[in-house]
Every structure is written in C-alpha cells, then in structure tokens.
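Report on the structure given below.
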Amino acid sequence: GNETFFTINTDKKTVGDALLELELIEGEDGDYGLYVKKVSGIVADYDVDKTYWSFFINGEMAMTGVDGTEIEEGAVYSFKVVKECENCPLS
C-alpha cells in the first residue's frame, strides 16, 4: 500500500544507472541483468519470502530489465512488490 514518487533529472542512459547512482535501488547482477532486491530501502527477496520487485514502464510490465531500459523523456517507471502464489491459477 505504500507509494513514493520521484522526479529524476539525469545524464545517465538507462533507468538502472540513474537509480543506482541515486541509491534508490540495490541488487545483484544475474543472468538477465540487474536483479533488483531493494527499492527505496524496501527489500523484496524471493529466496526469503517468495516476493520480488516487478518493473513497469508507463503502467505496463516491462519487457526489459532496469539496466537494459533506456530512459525516455516523459516516461513513468515504477516498481511493485509481487508475491508468488503457489496455489493460484495461471492467468
């Protein structure tokens, strides 16, 4: 239920680089790029409680990771914590 909004001005090329520079995200390098585990001080760790950070661009789930997403002026980037549900039907 918590939301925090930031307006960021940067010379960085990717969303990941800009957010890392401002220490708004933390993560680990993985097979598919940066695996974000912490956003604005809030941890989501799949190995601990089956939660993870999902990355969105203009309200749609991103098809690229933060470190592979080039910044576009006016775009809105967001993260949401998602919890895997073992007994949920596939959608």
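The values are calculated or read from the model by the stated rules, or taken from the named source; none is laboratory data. Everything numeric here is computed off the predicted structure, so don't read it as measured data. Glycine gets a Cβ as well: all are built from the backbone with ideal geometry, and neighbour counts include every protein chain shown. Just the protein is used for accessible areas: all its heavy atoms, side chains included, with ligands, DNA and RNA removed. Shrake-Rupley method; radii C 1.70, N 1.55, O 1.52, S 1.80 Å.
Take the alpha-carbon positions of the range 20-67, form their convex hull, and give its projected area averaged over all directions (one quarter of the hull surface) in nm². Directional mean of the projected Cα hull area for the range 20-67 stands at 3.8 nm². With the helix formula -39500 (n - 2.57) applied to DSSP H stretches of n ≥ 4, the chain reaches a computed 222 nm mean residue ellipticity of -2500 deg cm²/dmol.
Projecting label points 7 angstrom from Cα along Cα→Cβ for residue 9 and residue 73 puts them 1.3 nm apart. Defining a contact as two alpha carbons under 8 Å apart and six or more residues distant in sequence, what relative contact order in percent does the chain show? Relative contact order comes out at 27 percent. When only the Cβ of Lys, Arg, Asp and Glu is charged (+1, +1, -1, -1), the dipole of the chain relative to its Cα centre reaches about 280 debye.
Protein heavy-atom accessible surface, 1.4 Å probe, per residue over the chain: 79 Å².
Return the carbon/sulfur percentage of the accessible area of the chain, one whole number, probe 1.4 Å, all protein chains in place. For the chain, the apolar C and S fraction of the accessible surface comes to 48 percent. Residues considered: 36, 81, 66. Largest GNM mean-square fluctuation over the chain, using C-alpha springs under 10 Å, is found at 81. The value of relative contact order for the range 12-61, using C-alpha pairs under 8 Å at least six residues apart, is 21 percent.
Working note: Cα atoms of the chain, range along each principal axis, descending, whole Å: 44, 28, 24. Here the Gaussian network model covers the chain, with springs between Cα atoms less than 10 Å apart; of 35, 46, 77, 46 fluctuates the most.
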